1. Report the residue count in segment B:17-48 for those that are of a type in the set (D, E, K, R), within 25 Å of A:Glu66 (Cβ to Cβ) and in contact (Cβ under 8 Å) with a residue 24 or more places away in the chain.
2. Tell me whether segment A:19-28 contains one or more residues that are of a type in the set (Asp, Glu) and farther than 18 Å from B:Ala60 by Cα.
3. Kindly indicate whether any position in segment B:171-180 is modelled with pLDDT of 90 or more, within 14 Å of chain A (Cβ to nearest Cβ) and either surrounded by fewer than 21 Cβ atoms within 10 Å (Cβ to Cβ) or within 20 Å of A:Leu15 (Cβ to Cβ) (or both).
4. Out of the residues in segment B:43-52 meeting the condition of being buried (at least 17 other Cβ atoms within 10 Å of the Cβ) and assigned to a helix (DSSP H, G or I), tell me which one is farthest from the other protein chains (Cβ to nearest Cβ).
5. When only residues in segment B:97-144 that are surrounded by fewer than 15 Cβ atoms within 10 Å (Cβ to Cβ) and outside any loop (DSSP other than H, G, I, E, B) count, which is modelled with the highest pLDDT?
6. Give me a count of the residues in segment B:19-52 that are more than 17 Å from A:Glu6 (Cβ to Cβ) and more than 20 Å from the chain's Cα centre (by Cα).
7. In segment A:52-72, how many residues are touching a residue at least 12 places away in the same chain (Cβ under 8 Å) and either under 13 Å from the mean Cα position of the chain (by Cα) or surrounded by 15 or more Cβ atoms within 10 Å (Cβ to Cβ) (or both)?
8. From the list B:Val197, B:Val193, which one is of a type in the set (A, V, I, L, M), touching a Phe, Trp or Tyr at 6+ places or on another chain (Cβ under 8 Å) and over 19 Å from B:Lys227 (Cα atoms)?
Amino acid sequence: MASVAELRAAVDAALQQVTEGQAAIQAAREKLGEAQQSLAAALDGSANDAVGAAHASLSQADQQLEECFGATLLAVEQAQTYTATL
Amino acid sequence: MSLLQELGAQLRATSDELPTGLVTVAMERLRTATELLNWVRQTSVDPIGVPQLGNATEHAEHAAAALRLTQDAIAAYLAALGLAADAGTPPDQDWKAGLEKKDKQDEPAPAPGQEEQQPPPEQLGPWWRERVEKLTGEAPPPPQANGAPPERTADTAELLRRVAAGVRSGDRARLGRDLHGVNAATGLGLSAVTPPVLRRLAGDLLGHEPGPDDLQRLRGAAGGRVKSLLPGTPPATLDTLLARICRTPPAEQAPAHPADSAVTASVLTGVLLARLGRDPATLDPGAPEPLRPRGVDA
């Protein structure tokens, strides 16, 4: 049977992992922004289907990362609420 | 260089620099957090953020898939321009992304007045060491005679290399010492850094990307050695790790102790490295990319 201190410490350890995950998400979004700019500059005026697909999937990746970050915020809030009740 | 070649080079660079490694790091951190919270959740009816973390992980997986589609689209465009053959495919570096040292400047600054304070004592230390003892069968080393705290590795990537070295030498006592010699946060971090490394090593061993059909072969190649070094590891833990490598759904089971997955994954990494005849130093992100064999008889 785990003690309250252990439960609290395990949640803290999990939140540390989430924080590191959030940092990676933010860094990934910055890189995505740079990639979007670079593609837009290089492929300006192209009507090729593959170019359209590249733009669309980059934009989708960014949106997914944004939603991912939002979900982690909710998770952190719930976990903190839980530890406050311990 | 012609204008067309210049455009091709620029597009290849953009494709290579897409943050696939960072997204993988994020996914694995979130999975490790979920594993820890699932363990806590066994004592509570509170969801403790687990469903939200599940959503977050799913979004990260979709983002990773979208990045792969972007790379495919750029490759298709390059092919349409007749430039594809010029490209030397760069080695896949994503598997090392989680092993990179964290940049000090990315760490939050300590609060004013706390710069010189010692970190608080670790609450999970006994919890971690108790589980390491159960898994390895090796008791924690006795405290030093002078009462000084033991020197601890605080870097998960360094711990992984040490574990791999212990596996290579087949020295279970050394393995136990290295695992006991870290705090829980460093040890649990093994869960987050090992998945892409395991998949890459398994792929190198098999000679192709691991799939569901490779499960038995990998189990045969690594299972016995893992079991001999970790006599206390539940069989389901290794099966789950191998299933993840092979991208096949693991069998349903109760949430495992978070340390089980972390420790077993690190030993499995060492076993696969040894099967490939590679030195643990090849896990250093700065080490040259190992040559990918055509397939080793596993």
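1. The qualifying residues number 4.
2. Scanning segment A:19-28, I find no residue that is of a type in the set (Asp, Glu) and farther than 18 Å from B:Ala60 by Cα, so the answer is no.
3. So far as segment B:171-180 goes, no, none of its residues is modelled with pLDDT of 90 or more, within 14 Å of chain A (Cβ to nearest Cβ) and either surrounded by fewer than 21 Cβ atoms within 10 Å (Cβ to Cβ) or within 20 Å of A:Leu15 (Cβ to Cβ) (or both).
4. Restricting to residues being buried (at least 17 other Cβ atoms within 10 Å of the Cβ) and assigned to a helix (DSSP H, G or I), the top hit is B:Val50.
5. Going through the qualifying residues, I end up with B:Glu130.
6. Counting residues in segment B:19-52 that are more than 17 Å from A:Glu6 (Cβ to Cβ) and more than 20 Å from the chain's Cα centre (by Cα) gives 6.
7. 10
8. B:Val197
The values are calculated or read from the model by the stated rules, or taken from the named source; none is laboratory data. Predicted model, so just to flag it, every value in this text is computed and none were measured. Heads up, the Cβs are rebuilt from the backbone with ideal geometry, glycines too, and the neighbour counts pull from every protein chain shown.
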